[in-house]
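To keep things clear, I will list the structure first and then write my remarks on it.
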């Protein structure tokens, strides 16, 4: 590419946007709180690292706890994170967080990098069917500014990388099958990348095995459209299957060091994670829906309220343009496969009674696929109208992202005008408020003379309290005899729990969304004199 082409803004505006967007988002990812899952994920990585040391360097690290469910997590994310942590730690000076907290916070930029990379492949998949560069670009910008996903990308070290790699893997299954069936060729480079991506996906979450449902659906659609015999096709591509399978199995094995001595743990982990014991409930339309006894409506309710209205509109027009849509072979192959895959995966999750909680976090990977389907439907319905509305939504999303930061991920669509969000939906269940609560305590004089009692994510607050001599107590100490004055910080699901007598609210974390007048209270701090 020549210098002239690189500086051609009209041709490359999307990549200019990505470059600026990446740096802005990395900056803001370092300005959010530390959530409850981050410390646990990092701890599991350290246990796996200790086990590797035991195996290769004959050390005696205690890793017995990996024999429990903690050992069912792979090391993919942290393997990539390690060198980037070193780079960012040299680049960034953390002044308002302790060392332990900085080690967790430094992983946020990598989550953003995954998300931005997903945006590129989001564009590529839409371009596959529309062949419209501008529509593909603006759709990707819409995806990247969507507050719900952007909010998760500031801190969610599990679900956003998983979602991103799933999306990239989807692109590669489309590319490989299209090259084979349409151009009659297969690139070994693509097969190798595809195999590595698939194993990496499963190392992020064992539920990544579900992507084989999508692969099989795509394969069935391609074989059916091109009228090939299934067994003849398999025989013809046996070398490609061997290359993929070998690289996939070897790389998957390497990304799960805890399974090196007993590969059967792969099967134990799948069974365990399917019915993972989780007693928490998620407030959904005012009902506290328990993870182990979810109604079949749970997924659909959250999708309805979390997806932007334009995406819901796109899905609703499907019956009106179905004939026009599926008159094109490319739409049958890609849209038909995606629609079938999504429905089948959701059906399997409901049928197998898989425990889901914290709204859509475990199925976040379905959201970009649903958005791609809807946007392509809109393109086929009214391209110019769709482009105009998407542009307006982007402006609205930018406004919402600025206004709601750092709580972007709690965003729901404009249906909030018709219901009370606080009573009907889970709010800051991740505990992103920890940084702002820590900053509140930093403004208090002599804070070290008073103890702070907090719920589950007390360490998330402690990371940001400058005076490390401050006393922190677990929530179980709340109703014990405590020396007054002391503070009570209620975050996540505990903001409405009771506090002792003679306590008054001294701080609340509030945010508004979608021009609503409703104050969403995400955290409370009480002082007990």
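None of the figures in this text is laboratory data; all of them are computed from the coordinates on show. In this text, all values refer to a predicted model and were calculated from it rather than measured experimentally. Ideal geometry is used to build each Cβ from the backbone, glycine not excepted, and the neighbour counts take in all protein chains shown.
For the stretch 118-170 versus the stretch 262-309, the spacing of their alpha-carbon centroids is 23 Å.
Considering only DSSP beta bridges whose two residues both sit in the stretch 434-528, what percent are antiparallel, to the nearest 5?
Numbers: 13 of 20 bridges.
So the antiparallel bridges in the stretch 434-528 amount to around 65 percent.
To the nearest ten degrees, helix 211-225 and the longest principal axis of the Cα atoms of the chain are 20 degrees apart. If a spin label sat at a point 7 angstrom from the Cα of residue 517 along the line to its beta carbon, the backbone N atoms of the stretch 381-417 nearer than 17 Å would be those of 416-417.
The length gained on full extension between residue 343 and residue 396, counted as 0.36 nm times the residue separation minus their Cα-Cα distance, comes to 16.1 nm.
Quick one: helix 265-274 against the long Cα principal axis of the chain, what's the angle to the nearest 10°, folded into 0 to 90? The answer is roughly 70 degrees.
Could you work out the Rg to Rh ratio of the stretch 434-528, with Rh taken as the Kirkwood radius (inverse of the mean 1/r over all Cα pairs)? Show your work: numbers first, answer last.
Numbers: Rg = 13.3 Å, Rh = 13.6 Å.
Over the Cα atoms of the stretch 434-528, Rg/Rh equals 0.97.
Note on residue 10 and residue 69: the extension gain reaches 16.1 nm, defined as 0.36 nm multiplied by sequence separation minus the Cα-Cα distance. Note on residue 230/residue 329: beta-carbon distance plugged into 1/(1 + (r/R0)^6) with R0 of 22 Å gives a FRET efficiency of 0.70. Extension gain, residue 40-residue 287: 0.36 nm per intervening residue step, less the Cα-Cα distance, totals 86.1 nm.
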